[in-house]
Amino acid sequence: MPAAVLLAAAPQPRRMEFRRRTLDVGAAIGLHIIARVGPGVTADLYDGTNVGIRQSGKVPLALIITYPVKP
């Protein structure tokens, strides 16, 4: 199961949410694999996109996920 940690927990109102998510080897999040990416790669996703991530490497994968906070 992926672990998620809230980063920069500033009080409301804030515009963005920042979370660090760690995927164990073999873990997955989401609906679809969109592309293979390597270390240091950024994936820019937008509203209405269905995506997913599967960790196929040999060590846990740490991600920083950001998204807007609804007012």
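Read-outs: derived from the displayed coordinates by stated rules, not from any lab. Not measured: the values here are computed from a predicted model. Positions of Cβ are generated from backbone atoms using ideal geometry, with glycine treated the same way; all protein chains shown enter the neighbour counts.
In table form, for the structure just shown:
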quantity: J(HN,Hα) series, the stretch 57-71, from Karplus relation 6.51 cos²θ - 1.76 cosθ + 1.60, nearest Hz, glycine and proline x; calculated: x, 9, 10, x, 10, 9, 10, 10, 10, 10, 7, x, 9, 6, x
quantity: Label-to-label distance, nm, for residues given as M16 and T66 (7 Å Cα→Cβ offset); calculated: 0.2 nm
quantity: Peptide ranges 60-67, 38-45 listed from the most packed, as the mean C-beta count within 10 angstrom indicates; calculated: 60-67, 38-45
quantity: Integer Hz, Karplus 6.51/-1.76/1.60 couplings in order for the stretch 23-30, x for Gly and Pro; calculated: 9, 6, 4, x, 6, 8, 10, x
quantity: Long-range HN-HN contacts of E17 with modeled amide H, under 5 Å; calculated: Y67, V69
quantity: For A27, residues with placed amide H under 5 Å, excluding near neighbours; calculated: Q55
